[in-house]
Amino acid sequence: MSAENGTAAENEVTSYSAEDGIAVIRLNRPRARNAINTQMLVELLEHLAVARSDEAVRVLVVSSADNLGLSAGADVREQLDEEGKVRRMQLFADLYDRVVDFPKPTIAACHGDVVGGGAEVAVACDMRVGGANLRLRFPGAALGVPVGPARLVSLCGLATAKYLLLSSRTVGADEALRLGLVNRVAPAAGTETAAIELAEGVAAHPPEAVARLKAMLHEWDDVVGRSAAEGTGQVEHVRAARDLPFG
């Protein structure tokens, strides 16, 4: 990807670039293991809006600036008042929905830690490339947060979704491939490269046909509707809670 076509300010915690029909959003808080704070959520939503409106973009890749982890999940150290907690959860719900209903194919580069909110973004994408160093976890049950079923059931089925969500266990690359959570596994340092190669293959197809196929799949599965309903429940849960394990 060309840096000349990207945007990144010194105080930003994400970056966006687009070239040859492929847009790449990278999370960039390496010292915080790419933990997702309010600023990152706002930036990610802005990047998604840009990619959505850009007719030249055919495929979107979600990655991170280093291969040690896509994201460790919500930033548990971010200091928020009650209103801030509700706003952040609304932004999380909006992010999941915007990724799910993104009209063009989406691919997540799942290297290293892909946990909580990071895992939700990954499974909201259409395809995933897992790094050999993958550590995938959905800790909602352990944290007392009702998140995950809407998108995960569509991806891997009810039984596997129960296994992952109710146990909150960590899954490595081989198990993730076996369970259908990732489509292929790449060396840790080559995860993003493999994701972009996959994107290039998809981008070579007629975009109207690809978009129509994706719309048909989502219409028949109704993952968009389920994701929106789950997001509403998440926000109401935070609004009613007073002692959440984050924020």
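The values are calculated or read from the model by the stated rules, or taken from the named source; none is laboratory data. Not measured: the values here are computed from a predicted model. Here the Cβ positions follow ideal geometry from the backbone for every residue, glycine too, while neighbour counts run over all protein chains shown. For accessibility, only protein heavy atoms count, side chains too; no ligands or nucleic acids. Shrake-Rupley method; radii C 1.70, N 1.55, O 1.52, S 1.80 Å.
Here the accessible area of the chain is 54 percent carbon and sulfur, with a 1.4 angstrom probe and all protein chains present. Spherically averaged projected area of the convex hull of Cα atoms, the stretch 172-213: 3.6 nm². Structural descriptor for the stretch 111-247: relative contact order 29 percent, calculated from alpha carbon pairs under 8 angstrom and at least 6 residues apart. The gain in end-to-end length when the Asp222 to Ala32 segment is fully stretched comes to 64.9 nm, 0.36 nm per residue minus the alpha carbon separation. Rounded to the nearest 20 debye, the dipole magnitude of the chain is 820 debye, with +1 charges on Lys and Arg beta carbons, -1 on Asp and Glu beta carbons, and the Cα centre as origin. Here's the list of lysines a cross-link from Lys104 could span, going by alpha-carbon distance under 27 Å and ignoring same-chain residues fewer than 8 apart: Lys214. Think of the chain as having a plus end and a minus end, set by charges on the Cβ of Lys, Arg, Asp and Glu; of Ser167, Ser154, Val182, Ser167 sits farthest toward the positive end of this dipole.
The relative contact order of the stretch 20-165, computed from alpha carbon pairs under 8 Å that lie at least 6 residues apart in sequence, is 22 percent. Using the Cα gyration tensor of the stretch 18-131, with a ≥ b ≥ c the square roots of its eigenvalues, what is the shape: rounded (a/c below 1.5), prolate (a/b larger than b/c) or oblate (neither)? Taking the square roots of the gyration eigenvalues as a ≥ b ≥ c, the stretch 18-131 is oblate. Charge dipole of the stretch 109-223 (Cα centre as origin; +1 on each Lys and Arg Cβ, -1 on each Asp and Glu Cβ, all else neutral): 380 debye, rounded to the nearest 20. Relative to its residue count, the stretch 185-247 spans a Cα convex hull of 155 Å³ per residue.
For the stretch 66-200, the antiparallel share of DSSP beta bridges with both residues in that region comes to about 20%.
For the chain, the membrane-span-like helix rule (DSSP H, alpha carbon extent of at least 15 Å along the helix axis, mean Kyte-Doolittle at least 0.0) picks out 38-53, 191-203; this says nothing about an actual membrane. A Cβ-based charge dipole, computed about the Cα centre of the stretch 1-116 with Lys and Arg at +1 and Asp and Glu at -1, lands at about 320 debye. Taking label points 7 Å from Cα along the Cα-to-Cβ direction, Ala141 and Gln39 give a separation of 3.6 nm. A dipole drawn for the stretch 1-143 from +1 and -1 charges on Cβ atoms has a positive end, and of Val129, Ser15, Ser63 the residue lying farthest that way is Val129. Ranking Val42, Ala215, Ala240 by how far each Cα lies toward the positive end of the dipole of the chain (charges on Cβ) leaves Ala240 at the top.
Relative contact order of the chain, taken over Cα pairs closer than 8 Å and 6 or more residues apart, is 21 percent. At a probe radius of 1.4 angstrom, the accessible area of the stretch 187-227 per residue rounds to 59 square angstrom. Of Val121, Val210, Val59, the residue with the greatest mean-square motion in the GNM of the chain, using alpha carbon springs below 10 Å, is Val210.
Taking the DSSP beta bridges in the chain as the whole, what percent of them are antiparallel, to the nearest 5? Close to 30 percent.
Here the Gaussian network model covers the chain, with springs between Cα atoms less than 10 Å apart; of Arg77, Arg137, Arg184, Arg77 fluctuates the most.
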